[in-house]
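Before any comments, here is the structure.
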Amino acid sequence: MKDEKLIKGVAIWRISRLFELAEEDTRKDPAGSETLAKRYIYLAKKISAHYKVKIPKEMKTRICKSCNAVLIPGVNCRVRITKGPLIIYICNCGSEKKEYITKKDTKPSAK
C-alpha cells in the first residue's frame, strides 16, 4: 500500500516549486519566457488533477484561467480597484479576474 500522505506532500511541493519557477521566469523576462512560465503552470494543474490535490488558494488566485499566466501586477497585468470590496486584475490576454475582499471576523464566537 502506498503512503498517500507522502505522495500528496510531494505533489504539493512540486506544485509550489513549479509556481515559483513560473513566477521567476515571468519577473525576469515577461515577453521572452511567457511560454515556459505557462508550461510550468499547466504542469502544476496536471499534477493537481492527477493526485487529487488542491492548488493552494494564494497560488490559485494569481493564475489567469484563460491563458495560464502568473498574474504579477505591473509586469503582465493591470490592477483596478473599485469603491467597493472588489479588485479586478486584467491580464495581457484581455481576461479579467475579480477578487472580493472580505473583513475577517474579529469577534470571538459565542458558545
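A short reminder: the numbers here are calculations on the coordinates, not readings from a lab. Just so we're clear, the structure is a prediction, and the values are computed from it rather than from any experiment. Glycine also receives a Cβ, built like all others from the backbone with ideal geometry; neighbour counts cover every protein chain displayed.
Quick one: plug the Kirkwood hydrodynamic radius of region 51-97 (C-alpha pairs) into Stokes-Einstein at 37 °C, 0.692 mPa s, and report D in µm²/s.
On the way: Rh = 11.5 Å.
Stokes-Einstein gives a translational diffusion coefficient of 285 µm²/s.
Assign unit charges at the C-beta atoms only (+1 for Lys and Arg, -1 for Asp and Glu), then state the dipole size of region 4-100 relative to its Cα centre in Debye, rounded to the nearest 20.
On the way: 21 positive and 10 negative charges, 86 e Å.
With only Lys, Arg, Asp and Glu charged at Cβ, the dipole is about 420 debye.
Taking R0 as 22 Å, what's the FRET efficiency between K52 and V10 from their Cβ-Cβ distance, rounded to 0.05?
Details: r = 13 Å, r/R0 = 0.61.
E between K52 and V10, to the nearest 0.05, is 0.95.
Along the positive direction of the dipole of the chain (beta-carbon charges: Lys, Arg +1; Asp, Glu -1; about the Cα centre), which of A37, T102, L6 reaches farthest?
T102
Determine the alpha carbon to alpha carbon distance for each of K54/K98; K5/K28; K28/K60 and list only those over 28 Å.
Values: K54/K98 20 Å; K5/K28 35 Å; K28/K60 21 Å.
Checking Cα-Cα distances, K5/K28 exceed 28 Å.
Note down the nm distance, to one decimal, between modelled labels 7 Å out along Cα→Cβ at T61 and at D3.
3.3 nm
Under the rule of -39500 (n - 2.57) per DSSP H run of 4 or more residues, summed and divided by the residues of the chain, what mean residue ellipticity at 222 nm is obtained, to the nearest 500 deg cm²/dmol? Could the numbers behind the result be given before it?
On the way: 3 runs with 46 residues, N = 111.
The helix contribution divided over the chain gives -13500 deg cm²/dmol.
Charges at C-beta only: +1 for Lys and Arg, -1 for Asp and Glu. How large is the resulting dipole of region 1-51 about its Cα centre, in Debye rounded to 20? Present the calculation step by step, with values, prior to reporting the outcome.
Working: 11 positive and 8 negative charges, 51 e Å.
In debye, rounded to 20, region 1-51 gives about 240.
In Å and from the alpha-carbon atoms only, list the Rg and Dmax of the chain.
Rg, Dmax (Cα atoms, Å): 16.8, 56.
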